[in-house]
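Here is the structure we will look at.
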Amino acid sequence: MEITNVTEYEAIAKEKLPKMVYDYYASGAEDQWTLKENRNAFSRILFRPRILIDVSKIDMTTTVLGFKISMPIMIAPTAMQKMAHPEGEYATARAASAAGTIMTLSSWATSSVEEVASTGPGIRFFQLYVYKDRNVVAQLVRRAERAGFKAIALTVDTPRLGRREADIKNRFTLPPFLTLKNFEGLNLGKMDKTDDSGLASYVAGQIDRSLSWKDVKWLQTITSLPILVKGVLTAEDARLAIQAGAAGIIVSNHGARQLDYVPATIMALEEVVKAAQGRVPVFLDGGVRRGTDVFKALALGASGIFIGRPVVFSLAAEGEAGVRKVLQMLRDEFELTMALSGCRSLKEITRNHIVADWDEPRVVPRL
């Protein structure tokens, strides 16, 4: 049976993967209300398509932090991809490069920054948590820089890990044949005493709960790479991120894996965009499964989106070919949405192309 959309990969992944692994990728925090809402909120935004516009040529290219990419669809950091497929992050990196887009590597990857860099050319960002031992952070950042990574995506919504009940029930641990590769060969101090399966839980326990805006400033003293602050959901924090020197903001609720009952990211997006006032680009992750979702995010002011779960599910189903197909399907759907909405380039996508259920009754714009 031919796979015709991104969502179909999840069912295949569920069949193929051990329950513990599928649940780790698929589940959200506590009641999983936000997990469902991340998807459902997109369905409360409708299109106002413009017709009789020459859409014979459509340009989806864009620039992110100065890097030209083929489309505003990028890969979010997802941990431990070798649980999904033996090639893990290698396959994802090759698929992203082939699609002409950006991959963000999780610092909790099962392949190292050097290994991912060795797959060939590509624009790659490195996702970072800040640990109690700042020396570990500095070592990770230096390695990412040396491996040619172009930006740091600093995750700021995780002073502690969210409560994911499926993982508690399944007693989730990293399978014994895998390891968090970015922590191998680091001077880990006390971390060295743990075995590989213990390493994952130990590393999680080393996340610094005292992380604050001053640490965003500190990070800029140890790296010249641009820093994207990932996990912003409010106007207040958008303004503080810009004050702290962020090069960009990722509106994210961590795939609904941290605090339940936060809004869907697509609902939080416009507030953050308005607060940013065009000073830095704003991106979104969470719940994107269709090209129509990409268009809606851009209409609300996002400069681009990141996909997470669709990558690990397609990776589990078909390896590198699966990830390539997901990127291609989203690209094709997005291009079609642009054409049917009367937009020939990303700059032609405007707020007037959508109507959201939270909008005031519309005054028809004059031509």
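The values are calculated or read from the model by the stated rules, or taken from the named source; none is laboratory data. All of these numbers come straight from a predicted model, not from anything done at the bench. FYI the Cβ positions are ideal-geometry reconstructions off the backbone, even for glycines, and counts take in every protein chain you see.
Looking across the stretch 1-46, the residues that are charged (D, E, K, R), within 20 Å of Asp260 (Cβ to Cβ) and part of a helix (DSSP H, G or I) come down to Asp23, Lys36, Glu37, Arg39, Arg44.
Please go through the stretch 350-367 and give me each residue that is within 26 Å of the chain's Cα centre (by Cα) and in a loop (DSSP other than H, G, I, E, B), ordered by number.
First, pick out the residues of the stretch 350-367 that are within 26 Å of the chain's Cα centre (by Cα): 350-351, 353-358.
Answer for the stretch 350-367, where residues must be within 26 Å of the chain's Cα centre (by Cα) and in a loop (DSSP other than H, G, I, E, B): Thr350, Asp357, Trp358.
State whether the residues of the stretch 117-127 include one that is under 18 Å from the mean Cα position of the chain (by Cα) and not in a strand (DSSP E or B). Yes - at least one qualifying residue is present in the stretch 117-127. Taking the stretch 50-84 as the range and being outside any loop (DSSP other than H, G, I, E, B), more than 20 Å from Ile249 (Cα to Cα) and not polar (S, T, N, Q) as the test, the residues that pass are Asp59, Lys82, Met83. Tell me whether the stretch 269-291 contains one or more residues that are of a type in the set (Asp, Glu), buried (at least 24 other Cβ atoms within 10 Å of the Cβ) and not in a helix (DSSP H, G or I). Within the stretch 269-291, one or more residues are of a type in the set (Asp, Glu), buried (at least 24 other Cβ atoms within 10 Å of the Cβ) and not in a helix (DSSP H, G or I).
Tell me which residues, restricted to the stretch 1-38, are closer than 26 Å to Gly342 by Cβ and either in contact with a Ser or Thr (Cβ under 9 Å, 6 or more places away or on another chain) or not polar (S, T, N, Q) (or both). First the steps, then the outcome.
Pass one, the stretch 1-38, residues closer than 26 Å to Gly342 by Cβ: 4-6.
Residue satisfying the conditions is Val6 alone.
Report the residue count in the stretch 19-48 for those that are hydrophobic (A, V, I, L, M, F, W, C) and either more than 22 Å from Thr173 (Cβ to Cβ) or in contact with a strand residue (DSSP E or B) (Cβ under 9 Å, 6 or more places away or on another chain) (or both).
Here is the first cut: in the stretch 19-48, the residues hydrophobic (A, V, I, L, M, F, W, C) are 20-21, 26, 29, 33, 35, 41-42, 45-47.
Filter once more, keeping what is either more than 22 Å from Thr173 (Cβ to Cβ) or in contact with a strand residue (DSSP E or B) (Cβ under 9 Å, 6 or more places away or on another chain) (or both): 33, 35, 41-42, 45-47.
Counting residues in the stretch 19-48 that are hydrophobic (A, V, I, L, M, F, W, C) and either more than 22 Å from Thr173 (Cβ to Cβ) or in contact with a strand residue (DSSP E or B) (Cβ under 9 Å, 6 or more places away or on another chain) (or both) gives 7.
Every residue, every condition in (1) farther than 24 Å from Ser118 by Cα; (2) over 21 Å from the mean Cα position of the chain (by Cα); (3) aromatic (Phe, Trp, Tyr); (4) modelled with pLDDT under 90, yes or no:
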| position | (1), (2), (3), (4) |
| --- | --- |
| Phe149 | no, no, yes, no |
| Ile152 | no, no, no, no |
| Arg163 | yes, no, no, no |
| Asp196 | no, yes, no, yes |
| Gly205 | yes, yes, no, yes |
| Thr221 | yes, yes, no, no |
